[in-house]
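Some notes on the structure that comes next.
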């Protein structure tokens, strides 16, 4: 398969532009560190198949090593975020063994974990629909916004299935009780409800508002130290759910001490005291 991924280190002055049409996933980044991952199957409403899942995983893993990237926006081409599983892919899976299905599902699980592990801030921008695994992608991002009119659903139980691989991310985003309700009812809900549930952080009034939101968040992240952002994300993952005991206090003290003597920590504090911008400020 021809590699559909565009190297994010390529200096592209217009983030989000289709740099390599025809691939199922597009990745590009600006010199200022704003990256876009775009699911590029608009004729299929950006539904998953094996090729798309593999391409998404490759894009996210590429971003693990892109030190200059500050923020990653995840979108779908053509006004739809992701309609879930591709029908042809589902049709093929009907004939697979349990072992084959386990291998296939693991690819989706690895892709979602690769998204979670991106060091930069990740943000889903939902237009149209985010169904099943598409809604799971939204939950796996650090934050998400949806355009008014967007629809969401976890409809797996209507097919006799369960949303297993996306469950850890959805439960973390909305909580166990809401997840039970959404998973078992397969109810379609709108952007306002998604915000109330915690699946998205804000609702944009219309698609024309997206660029303003992208510009605002990109500007905010330009002031943040890239290494510290990645460390802060790992800090949340490492301490979430742990008891507040002496061991946890010792661990957090060790983390901040390490940050204070790091190159970024030294540069950031000195820049603040000297009333100048730090070296990473774009």
Relative contact order computed over the stretch 25-221 (Cα-Cα under 8 Å; 6+ residues apart), in percent: 19
Quick check: residue separation of residue 238 and residue 195 times 0.36 nm, minus the Cα distance between them. What number comes out in nm? 12.9 nm
Taking r as the C-beta separation of residue 162 and residue 266 and R0 as 51 Å, the FRET efficiency to the nearest 0.05 is 0.55
Sort 174-185, 69-80, 216-227 by packing, meaning the average of other beta carbons within 10 Å per residue, with the highest value first. 69-80, 216-227, 174-185
Measure out, as a whole number of angstrom, how far apart the alpha-carbon centroids of the stretch 195-243 and the stretch 152-176 sit. 22
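Bear in mind these aren't lab numbers, they're just calculated from the coordinates by the rules spelled out. What you see is a predicted model, and the numbers here were worked out from it, not measured in a lab. A quick note on method: Cβ atoms are made from the backbone with ideal geometry, for glycine too, and the neighbour counts reach across all protein chains shown.
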